[in-house]
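Have a look at the structure below, then the notes.
The values are calculated or read from the model by the stated rules, or taken from the named source; none is laboratory data. Since the model is a prediction, treat every value here as computed from it, not as a measurement. Here the Cβ positions follow ideal geometry from the backbone for every residue, glycine too, while neighbour counts run over all protein chains shown.
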Amino acid sequence: MAPEPALRAHGIVKRFGPTVALDGASLTVRPGESHALVGRNGAGKSTLVGVVTGLHRPDAGTVAFGGAPAPAPGDRAAWQSKVACVYQKSMVVPDLTVAENLYLNRFEGRRIRWSRLRRSAAELLAEYGVSVDPDTRASQLSVEQRQFVEIARALSFGARLIVLDEPTAQLDARGIQRLFTKLRELQGQGVAFLFISHHLQEVYELCTAVTVYRDARRVLTASVADLPKEELVAAMTGERAGGPAASWRAAARSVREVEPVLRTEGLALDGEFEPLDLAVRPGEVLGVAGAAASGSTALGETLAGMRRASAGRVTVHGRPVKPGSVPHALDAGIGYIPEDRHRQGLVPDRSVAENATLTVTDQLGPWGTVLPSRTREFARSMIGSLDIRTRGPQQPVSDLSGGNQQKVVVARALARKPVALVAVRPTAGVDVKSKDALLGVVRRVADEGSAALIVSDELDDLRVCDRVLALFHGRVVAEFDSGWTDRELVAAMEGVGERP
């Protein structure tokens, strides 16, 4: 008789307000199996993980572990004995030792016997083959070692299902191979893994089964060995090989003979992206396609002066831009729309006017002063040009909808009339109407003679581009003109496409 699945999720429905995040979704993971869960952003993967780890209560459907129903909501100890998630961003406490992290929140009694704690930690690490000193502070561990510690902690609770969320994003090639070797050893002991990754070649290297989600539903489950890569990509995108290109593309523009506005020469950032040469010309929108772990976000931040390159240089109209200097990048004419408007783009307790004019305070009054009347006047012009829905310049920016908050971030980027606009995932978390408006602004910036660069893994963001470079593991693996298909661009971003 076959053993019960390590995980069976069936008919899962989850709504967040009017948004249906999961629509009758299902997933089965068997003991000792390494099962990949893949899909484009917004497909429902993260919500499903939240449901099967007890973070979200489903509106409908059932979850079972080893044939037994999932624990009651809120019973964290019971959930930890069934399933654990090792996230891309380590959850260990850096200032505590390895031993303290392993037994965090489960010390017995009022008094801690440190010698016994260290001895138990050493035995636990040895049991799962983790070569780490229990007395080492977690901050001194490598990314790979922190992951092994988190896996050992999860297994020590009795969990036989481990969710790995982009576990290779911060590992080099040798670290990835060591991680995979360890996972195979644990599979031999009956531990099941749910592997979430944007890198499809890793799915083929590690996993035995794969489930594809698209539009909040499961669309495919198959044996990895029996599934050609092109069929996997087709399932993720809903577009077959040789199918029609997307219905709307940027019109072809003859700009390649013009001198670039923004250029990089041998630009590199250790651990993020390899030496990169790119040129963006006036009237052009260049796309850089790739997940954050590909180095694309780091590239955008380097161009904006937020990170200091380890090699190479950036020039605007032939003039070098000082590395790692946001003020110098602004003065050179680079406008920047950051990836995370909440963390990098807005001051939430300040007004729309104050947020929109943060980059031009030197223009709002004589001798370094900021005149409120001039600030409001400047903000009103930006509100009108970008159609920001607000009660007025003095309204707190935190009161606006997500789409209008993003328009304020764009207003700030455009306030200095940049000659080169760098936008990192500019439509993240906004509604469809706002998305179209924001991409239209980027297109307009280029059409008026400036250069624009969009960094994103959202296909809709990239459709406005004249050219798209696909970035994978820090290097350009393909270049596409405006006629690309979803299938071929996704394949390149996932590392399974051939370079033209």
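Looking at this structure, is Ala78 in a helix (DSSP H, G or I), under 28 Å from Arg57 (Cβ atoms) and aliphatic (A, V, I, L, M)? Yes: the conditions hold for Ala78. Elements of the type strands (runs of 3 or more DSSP E) sitting completely within the stretch 403-488 and holding at least 3 residues that are of a type in the set (Lys, Arg), out of contact with any Gly (no Cβ under 8 Å at 6 or more places or on another chain) and surrounded by fewer than 21 Cβ atoms within 10 Å (Cβ to Cβ): there are none. Look at (1) within 23 Å of Gln187 (Cα to Cα); (2) buried (at least 21 other Cβ atoms within 10 Å of the Cβ); (3) of a type in the set (A, V, I, L, M) and you find that Val49 fails only one, number (2).
For the stretch 109-125, the criterion of being surrounded by 15 or more Cβ atoms within 10 Å (Cβ to Cβ), out of contact with any Gly (no Cβ under 9 Å at 6 or more places or on another chain) and assigned to a loop (DSSP other than H, G, I, E, B) is met by no residue.
Name the residues in the stretch 448-479 that are under 22 Å from the mean Cα position of the chain (by Cα) and without any contact (Cβ under 8 Å) to a residue 24 or more places away in the chain, would you? If the condition is that a residue be under 22 Å from the mean Cα position of the chain (by Cα) and without any contact (Cβ under 8 Å) to a residue 24 or more places away in the chain, then Val477, Ala478, Glu479 are the ones that fit.
For the stretch 53-84, the tally of residues that are crowded, with 19+ Cβ neighbours inside 10 Å and among the hydroxyl-bearing types (Ser, Thr, Tyr) stands at 1. In the stretch 215-236, how many are under 22 Å from Ile12 (Cα atoms) and either modelled with pLDDT of 90 or more or crowded, with 19+ Cβ neighbours inside 10 Å (or both)? Qualifying residue count for the region: 9. Filter the stretch 387-398 down to residues that are under 30 Å from the mean Cα position of the chain (by Cα) and surrounded by 20 or more Cβ atoms within 10 Å (Cβ to Cβ) and give me whichever is nearest to Lys435 (Cα to Cα). Ranking the qualifying residues of the stretch 387-398, first place goes to Ile388. Considering only the stretch 172-188, I want to know if a residue exists there that is in a loop (DSSP other than H, G, I, E, B), crowded, with 17+ Cβ neighbours inside 10 Å and either aliphatic (A, V, I, L, M) or touching a Ser or Thr at 6+ places or on another chain (Cβ under 6 Å) (or both). The answer is no; no qualifying residue exists. Restricted to the stretch 130-143, and to residues there that are in contact with a Lys or Arg (Cβ under 7 Å, 6 or more places away or on another chain) and in a loop (DSSP other than H, G, I, E, B), the residue that is surrounded by the fewest Cβ atoms within 10 Å (Cβ to Cβ) is Asp135. Say whether the condition of being charged (D, E, K, R) and in contact with a His (Cβ under 9 Å, 6 or more places away or on another chain) is met by at least one residue in the stretch 471-493. No; the residues of the stretch 471-493 include none that is charged (D, E, K, R) and in contact with a His (Cβ under 9 Å, 6 or more places away or on another chain). Restricting attention to the stretch 1-24 and to residues that are hydrophobic (A, V, I, L, M, F, W, C) and under 30 Å from Glu185 (Cα atoms), the residue that is surrounded by the most Cβ atoms within 10 Å (Cβ to Cβ) turns out to be Ala6. For the stretch 2-17, the count of residues that are touching a Pro at 6+ places or on another chain (Cβ under 7 Å), under 30 Å from Arg113 (Cα atoms) and in contact (Cβ under 8 Å) with a residue 24 or more places away in the chain is zero. Of all residues in the stretch 191-210, those that are under 16 Å from Val496 (Cα atoms) have Cβ atoms under 6 Å from Cβ atoms of residues that are in a helix (DSSP H, G or I) and among the aromatic types (Phe, Trp, Tyr), 6 or more apart or on another chain, in Leu206/Phe180. Among the conditions (1) in contact (Cβ under 8 Å) with a residue 40 or more places away in the chain; (2) part of a loop (DSSP other than H, G, I, E, B); (3) out of contact with any Gly (no Cβ under 7 Å at 6 or more places or on another chain), the only one that His56 does not satisfy is (3). Here Glu123 clears all of (1) of a type in the set (Asp, Glu); (2) within 17 Å of Glu33 (Cβ to Cβ); (3) at pLDDT 85 or above except the condition numbered (2). If you go through the stretch 52-97 and pick out every residue that is of a type in the set (Phe, Trp, Tyr) and touching a Ser or Thr at 6+ places or on another chain (Cβ under 8 Å), you end up with 1.
Do we have any residue at all in the stretch 153-161 that's small (Gly, Ala, Ser) and more than 30 Å from Arg15 (Cβ to Cβ)? Within the stretch 153-161, one or more residues are small (Gly, Ala, Ser) and more than 30 Å from Arg15 (Cβ to Cβ). For Leu330, indicate whether it is closer than 30 Å to His317 by Cα, modelled with pLDDT of 80 or more and surrounded by fewer than 22 Cβ atoms within 10 Å (Cβ to Cβ). So Leu330 fits the description; yes.
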